[in-house]
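**Q** After the structure tokens below, expect a handful of questions from me.
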Amino acid sequence: MQNMYKLKIAVIIWMMLISDAVQSQNPGDQGISSSDNFKIEALLRTMTIDEKVGQLSLFISGWDVTGPTLNNNYKKLIKEGKVGAIFNAYTVDYVRELQKMALDESRLKIPLIFGYDVIHGHRTIFPIPLGQACSWDLAAIEKSERIAAQEATAEGLNWTFAPMVDITRDPRWGRVDEGAGEDTWLDCAIAQARVKGFQGTDLAANNTLLACAKHFAAYGAPQAGRDYNTVDMSQLSLYEWYLPPYKACVDAGVGSVMTSFNEIAGVPSTSNKWLLTDLLRNSWGFKGFVVTDFTAINELIPHGVATDLKEAAKLALNAGVDMDMQGSAYLNSLADLYNGKKITMKQLDDAVRVVLQAKFKLGLFDDPYRYCNKERQEKELMTPESQSFARKFVAQSCVLLKNQKQTLPIPATVRTIALIGPLGDSKKDMLGNWSAAGESEKCVTLLEGIKNRVNKNVSVIYEKGCNANDRDKSSFGNALKAASSADYVILALGEEGGMSGEASSRSNIDLPGVQNELAEIIINTGKPVAVVLFNGRPLTITKLNTLAPAILESWFGGTQAGNGIADVLLGDVNPSGKLTMTFPRNEGQIPIFYNAKNTGRPYNPADPGAKYVSRYLDCSNDPLFPFGYGLSYTSFTYSNLATTVEGSKINVTVQVTNSGNRDGEEVVQLYIRDKVGSVTRPLKELKGFQKVLITKGEIKTIEFNLTTADLAFYHPDLKKYWEPGEFVVYVGTNSAETISKSISVK
Ligand code: BGC
């Protein structure tokens, strides 16, 4: 008998070792030890149904409400062991207080996870993620998440609801500010850099955060750009363009995934078994836990797939949702569903197991207070090093959209600068959306940034001119007076910080209010004028672009916004940012993105009068600024593009000359076009880039090494493979200005 028992234990250990080995096959997946697995199984055997459901329930703390609040009882529930995780509670004292409740008062003393939307920094706020993406600097992006994790964990947090990796092709959607833009290839690279930055190599370290890839899936494609709206697209588009960034996060070992609010092809993500179980877990091998978005289980009722909360909870659990964010749907229904034999214990255990595993991976069972270190909180927030990095990152995220007659940088001879516009001295707007624990009063405005930078011989005057978003022109006169008295004018225009982000879709995405009119009267003074834009999405600035000699896109730069922008305006930093979302001429062109198809009736610019072609009668097909676009204070010329194809290897070299008169960084971009395929292919697809410093007069040879795997695409059977044939290789400074060469790949 005893021997039988020993044999059984040996088999169990062996099986656990095997499962550990399987886990570690996933690169970046930080598996857990077999002894922790033992502890988890033992816990599962001890837990009541209510305690299990508790582990699957996530509640907001009431500190920072980011959606509808349905349950304010979180403290009572923690004590009863009915909460697995809390979000929007931070600072060492508060986290310790809540953690202590779980440990001292709940029966099983299971520690809580503490989550927060650490989206672009925690205390030190970096540029909005869309702006960061425009830096095309993966190392800087990773570093910003590392600093964010350092700061967030110093305040008790251990889980972030980031990265947001939704592909975005519609700038009316307010949440484009949170993603990396329209290109799938680039978005995958950025997504992995972010996961690495947050999670590091050891989730149990006290300065790493569990990341959460969101919003799974295709939340970035709501119809008409309206937030929370229906998503409907072909399977091929879903596979080819929208799913890869989430998969890239899974490949990088992301610890959790958040469901999206939207439906896809009639099935809301939160009840989509194919998406959450077949694809995410079974096909991609995701090992972490799935959390809903805010009350997304409850929203299955208005979606029209469930009649009541109980049915909604059953659908969600069946689909593969492990944790319910804020909806109490699981809390109120899973026990009844189990007692009524509508769900099984195995289903509950599977969900609880992945949540407990996350707690083990975070080291919370070893020391539940490991993220509650007051000394760290005092030392590691807003350090001088993170401020200086943030300042550089702001400058790197800026995109120079226009610069006629070298209006920028501001000449050293200028003695009076008039800064005019509603965004020139507004601390609260610098943070942008989802600014975590960022404090607006600590932000550097553009006015402060310029004053910090110029010497005392230069006077800087500021006039607001108008508000960002109303029709009041009563301050135009003062603005005009200031402009007339200065020898250089900077116009600080754009959106308020809250005009992008969640629930902030706009149907008209030009400058709001009377800002175009303000710009017109100021530019008509004939003074040299540079516009600095602050905004969370591409804008239809067609009118402004015809008026203004120079435009610098600065997004919302965060804590160091003003200093970083001043570095660019005054020429200390040569701008090198490139757009990762197309700027349309007007809203009628939306959705507009560079990797579009040719169609059967393509418009030919050489025959502009042709009628029966794919075009508008009242507007060109071209965007105002294409994907990949951004100017420098110097200029780059591309020449001697050469290609060789040997077996599965494709080698591309190009010479890039800095033909201007100062050193500069260039983002050299490589695109391909597959001329004929069994499925139509885009006109161009980004397949590589290199960001390089090229000194004045220098010629640099840039080399790209592709393989035939880079030519692969999805087919109707949803398999991905490449087809031999003719391809065009394009290399250039943006997606529209390239030099090219045809290659044949067999
Ligand atoms: C957003 C998520 C966010 C969550 C928690 C939701 O409304 O869609 O992106 O993580 O709130 O704040």
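**Q** Within 30 Å of ALA418 (Cβ to Cβ) and among the polar types (S, T, N, Q), is that true of SER659?
**A** no
**Q** Taking the residues in the stretch 247-290 that are touching a helix residue (DSSP H, G or I) at 6+ places or on another chain (Cβ under 8 Å) and among the aromatic types (Phe, Trp, Tyr) as candidates, determine which candidate is surrounded by the most Cβ atoms within 10 Å (Cβ to Cβ).
**A** Result: PHE286.
**Q** Next up: Could you grab me the full set of residues in the stretch 114-151 that are out of contact with any helix residue (DSSP H, G or I) (no Cβ under 8 Å at 6 or more places or on another chain) and crowded, with 24+ Cβ neighbours inside 10 Å?
**A** Of everything in the stretch 114-151, just one residue is out of contact with any helix residue (DSSP H, G or I) (no Cβ under 8 Å at 6 or more places or on another chain) and crowded, with 24+ Cβ neighbours inside 10 Å, namely GLY115.
**Q** Go through the residues of the stretch 476-486 one by one and say whether even a single one is at positive phi, of a type outside the set (S, T, N, Q) and part of a loop (DSSP other than H, G, I, E, B).
**A** Among the residues of the stretch 476-486, not one is at positive phi, of a type outside the set (S, T, N, Q) and part of a loop (DSSP other than H, G, I, E, B), which makes the answer no.
**Q** Kindly state which helices (runs of 4 or more DSSP H) lie completely within the stretch 499-584 and contain at least 3 residues that are crowded, with 24+ Cβ neighbours inside 10 Å.
**A** It comes to 515-523, 561-569.
**Q** Please pick out the residue among ARG169, ARG226 that is within 15 Å of the ligand (Cβ to nearest atom), surrounded by fewer than 24 Cβ atoms within 10 Å (Cβ to Cβ), more than 14 Å from GLY255 (Cα to Cα) and not hydroxyl-bearing (Ser, Thr, Tyr).
**A** ARG226
**Q** Can you find, within the stretch 210-223, the residue that is farthest from the ligand (Cβ to nearest atom) among those that are surrounded by 24 or more Cβ atoms within 10 Å (Cβ to Cβ) and outside any loop (DSSP other than H, G, I, E, B)?
**A** Filtering the stretch 210-223 for residues that are surrounded by 24 or more Cβ atoms within 10 Å (Cβ to Cβ) and outside any loop (DSSP other than H, G, I, E, B), the one farthest from the ligand (Cβ to nearest atom) comes out as LEU210.
**Q** Residue by residue through the stretch 189-219, note down the ones that are out of contact with any strand residue (DSSP E or B) (no Cβ under 8 Å at 6 or more places or on another chain) and of a type in the set (Lys, Arg).
**A** Within the stretch 189-219, ARG194, LYS196 qualify.
**Q** Does at least one position in the stretch 236-244 carry a residue that is in contact (Cβ under 8 Å) with a residue 60 or more places away in the chain and under 12 Å from GLY320 (Cβ atoms)?
**A** no
**Q** Among GLU178, GLU182, GLU263, which is the only one that is touching a His at 6+ places or on another chain (Cβ under 7 Å) and not aromatic (Phe, Trp, Tyr)?
**A** GLU263
**Q** Looking at (1) in contact with a strand residue (DSSP E or B) (Cβ under 7 Å, 6 or more places away or on another chain); (2) modelled with pLDDT of 95 or more, which one does ARG370 not meet, given that it meets all the others?
**A** That leaves (1) as the condition not met.
**Q** Name the single residue, out of those in the stretch 151-166 being out of contact with any Ser or Thr (no Cβ under 6 Å at 6 or more places or on another chain) and among the acidic types (Asp, Glu), that is farthest from the ligand (Cβ to nearest atom).
**A** For the stretch 151-166, the residue satisfying everything is GLU151.
**Q** Output the residues belonging to the stretch 502-535 that are within 16 Å of the ligand (Cβ to nearest atom), over 23 Å from GLN589 (Cβ atoms) and of a type outside the set (Asp, Glu).
**A** ALA503
The values are calculated or read from the model by the stated rules, or taken from the named source; none is laboratory data. All values derive from a computational prediction rather than experimental measurement. Methodologically, a virtual Cβ is constructed for each residue, glycine included, from the backbone with ideal geometry; neighbour enumeration extends over all protein chains shown.
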